Amino acid sequence: MKRLLFILIFALLSACAPTATPEYPDMPVDSNTPPNGLPPTYAPRPGDDQMMRDGVYLDSTDMLVMESYPPQFALMLKGNLPTPCHELRVVYHEPDSENKINLEVYSVAQPDAVCVMVLQPFEQNINLGSFPSGHYTVWVNEEQVAEFDA
């Protein structure tokens, strides 16, 4: 009986295990694309429209300034996904005319996935890039989280 219970628990947990990142040849390469040419793990992917969209629980956001010329900026997000089956997604919008940088942060999951109902912690750096001189504000899900001068 214990062995059957172990196998059942293992099967349920392995259903939520992350899978290898497939290649996306149709996705554009931008400043957030890692050196391997694949989009960041948090970038929206083909097929996301077939998944259930959900929120995330953000605990903190920190602005990071890289020591480079020109300075590079990144936003560190720390929080929790609703379950281990959820995947983080971040949509980055270039600064608008008011130097406002908007990010949409959410999660997606397979609608029929059987998953343990526990929060899944995450920590993710979002590369924002470098900017012309000016004062910028950073907004996550319509809430201002940081500001900086470039």
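Annotations
- In nm, spacing of pseudo-spin labels at E123 and T41 (7 Å Cα→C-beta vector): 1.3 nm
- About its Cα centre, the dipole of the stretch 84-145 is roughly 120 debye, where the only charges are +1 on Lys and Arg Cβ and -1 on Asp and Glu Cβ.
- Over all other residues within a Cβ to Cβ distance under 13 Å of G134, the charged ones net out to -3, with Lys and Arg as +1 and Asp and Glu as -1.
- Label point distance in nm, E142-S130, each placed 7 Å from Cα along Cα→Cβ: 3.5 nm
- Segment Q110-E67, length gained on full extension (0.36 nm per residue, minus Cα span): 11.5 nm
- Other residues whose C-beta falls under 13 angstrom from the C-beta of M52 contribute a net charge of -3, scoring Lys and Arg +1 and Asp and Glu -1.
- Area accessible to solvent at D96, 1.4 Å probe radius, in Å²: 60 Å²
- Overall shape: prolate for the stretch 87-126, with the ratio a/c of the largest to smallest alpha carbon gyration tensor axis at 1.5 or above and a/b above b/c.
- DSSP-assigned coil residues among GluC sites (Glu not before Pro) in the stretch 93-150, each with at most 11 further Cβ atoms within 10 Å: E98, E142
- Length gained on full extension, N80 to R53: 8.2 nm, using 0.36 nm per residue less the C-alpha separation.
- Over all other residues within a Cβ to Cβ distance under 12 Å of D62, the charged ones net out to -1, with Lys and Arg as +1 and Asp and Glu as -1.
The values are calculated or read from the model by the stated rules, or taken from the named source; none is laboratory data. For clarity, every value in this text was computed on a predicted model and none was experimentally measured. All Cβ positions, even for glycine, are placed from backbone atoms using ideal geometry, and neighbour counts span all protein chains on display. All accessible areas refer to the heavy atoms of the entire protein, side chains included, with ligands and DNA or RNA removed. Shrake-Rupley method; radii C 1.70, N 1.55, O 1.52, S 1.80 Å.
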